[in-house]
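Below is one structure, written out as structure tokens; the observations come after it.
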Amino acid sequence: MTGNGRAAVLMTLGMAAFACEDALLKLLSQRISIGQLLLVIGFAGMLVFGAWVALGPEGLRRRDLLHRGVILRNLSEAVCGVCFLTALSVGDLSIASAILQALPLLMTLGAALVLGEPVGWRRWTSIVIGFAGVIMIVRPGTEAFQPGSVLALVAVLALAVRDLVTRQLPARIGSGLLTASAFGAMSLAGAVLLLVGGQTLTVPGAGDAGMMAASLGFGLLGYMTMVIATRLGEISAIAPFRYSRLIFAIILGVLVFAERPDGWTLAGAAVIAAAGGYTMWREARLGRRPQRDPASSLTRPG
């Protein structure tokens with residue numbers, strides 16, 4: 001098997017892991033508050049990646065945590081974690097996951113409007129088509145509209161801010177530190193929800209504790225396989241396989257939560273995937289893809 005073939009398999013495995021993580025978090029949110037989930041999983045992830053940074057060659061440089069870009073990135077991560085997990089708890093897994101796939105389109109739009117990067121007519125067209133797919137899923141003002149869709153949109157906007165900031169960070173700030181601090185930011189957001197938002201703190205049973213551990217494990221598996229896939233294969237070759245997360249999410253939504261996405265939702269998801277996949281492929285061909293993959297467990301880009 002070629003390097004691109006192995007990378008495609010690993011990317012697909014990573015996207016399946018992220019879909020399983022999302023499904024477990026949705027199940028847990030039915031019994032455990034959003035604040036507690038963010039607090040526990042964020043803290044555990046911070047410990048894991050903090051140890052990795054401290055013991056690895058990257059090293060732990062605490063002063064980098066005070067960099068303005070890192071602070072803004074972590075704030076965006078916290079907003080995304082709160083909004084996306086809430087969207088999962090109140091809406092369909094398939095719809096939240098489909099909206100999340102609009103991230104490459106928002107990244108291209110942000111790079112053009114904020115960073116001044118040139119964007120040709122092909123990618124502008126794919127952006128417009130992709131956002132039309134989002135409207136097909138959200139359908140504001142109709143009976144199909146879900147309030148959780150708005151939260152998913154806020155989450156993907158926060159992700160776009162996070163990734164645009166990541167592209168501007170100094171090269172000395174490693175991915176491990178960014179990942180550990182992102183988990184820490186989500187944990188802090190969970191603590192704020194518990195203290196200020198009036199959410200409850202409960203003692204999880206053995207089953208829920210096991211599901212929390214499994215969700216963290218799936219998140220870590222997804223992160224590691226995606227990083228390895230990105231290093232093994234060409235971005236233009238493996239980019240479309242990121243959208244396999246949407247397929248897994250729809251399957252899990254149907255089997256686990258008895259969701260029944262209608263034709264408009266499926267068509268909108270296909271439009272977003274096609275437009276986003278083309279945008280990622282086009283940017284890779286033009287050599288403008290960012291070299292560092294953004295790090296987040298709860299909201300890994302699909």
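The values are calculated or read from the model by the stated rules, or taken from the named source; none is laboratory data. Worth saying up front: this structure is predicted, and the values here are computed from it rather than measured. Neighbour counts are summed over all protein chains in view; Cβ atoms, including those assigned to glycine, are modelled from backbone coordinates with ideal geometry.
Summary of values
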| read-out | value |
| --- | --- |
| Members of region 67-89 that are polar (S, T, N, Q) and more than 13 Å from the chain's Cα centre (by Cα) | ASN74, THR86, SER89 |
| Within region 258-295, considering residues that are part of a loop (DSSP other than H, G, I, E, B) and closer than 20 Å to LEU115 by Cα, the one modelled with the highest pLDDT | GLY287 |
| Residue match in region 36-51 (condition: within 30 Å of LEU266 (Cα to Cα), among the aromatic types (Phe, Trp, Tyr) and in contact (Cβ under 8 Å) with a residue 40 or more places away in the chain) | no |
| Single residue of GLY197, GLY184 found to be buried (at least 21 other Cβ atoms within 10 Å of the Cβ) and either in contact (Cβ under 8 Å) with a residue 40 or more places away in the chain or in contact with a Ser or Thr (Cβ under 7 Å, 6 or more places away or on another chain) (or both) | GLY184 |
| LEU93 vs. criteria touching a Lys or Arg at 6+ places or on another chain (Cβ under 7 Å), more than 23 Å from THR179 (Cβ to Cβ) and crowded, with 24+ Cβ neighbours inside 10 Å | yes |
| Close pairs from region 254-270: first touching a residue at least 60 places away in the same chain (Cβ under 8 Å), partner in a loop (DSSP other than H, G, I, E, B) and surrounded by 17 or more Cβ atoms within 10 Å (Cβ to Cβ), Cβ under 6 Å, at least 6 apart | GLU259/ASP92 |
| Pair list, Cβ < 6 Å and 6+ apart or interchain, from region 129-142 residues that are at positive phi to residues that are not in a helix (DSSP H, G or I) | ARG139/PHE145 |
| Complete set of residues in region 132-177 that are among the acidic types (Asp, Glu) and surrounded by 20 or more Cβ atoms within 10 Å (Cβ to Cβ) | ASP163 |
| Test result for LEU255, in contact with a Gly (Cβ under 7 Å, 6 or more places away or on another chain), surrounded by fewer than 22 Cβ atoms within 10 Å (Cβ to Cβ), in a helix (DSSP H, G or I) and modelled with pLDDT of 90 or more | no |
| Given (1) within 21 Å of the chain's Cα centre (by Cα); (2) free of Cβ contacts under 8 Å to residues at least 12 places away in the same chain, number of the condition ILE173 does not satisfy | (2) |
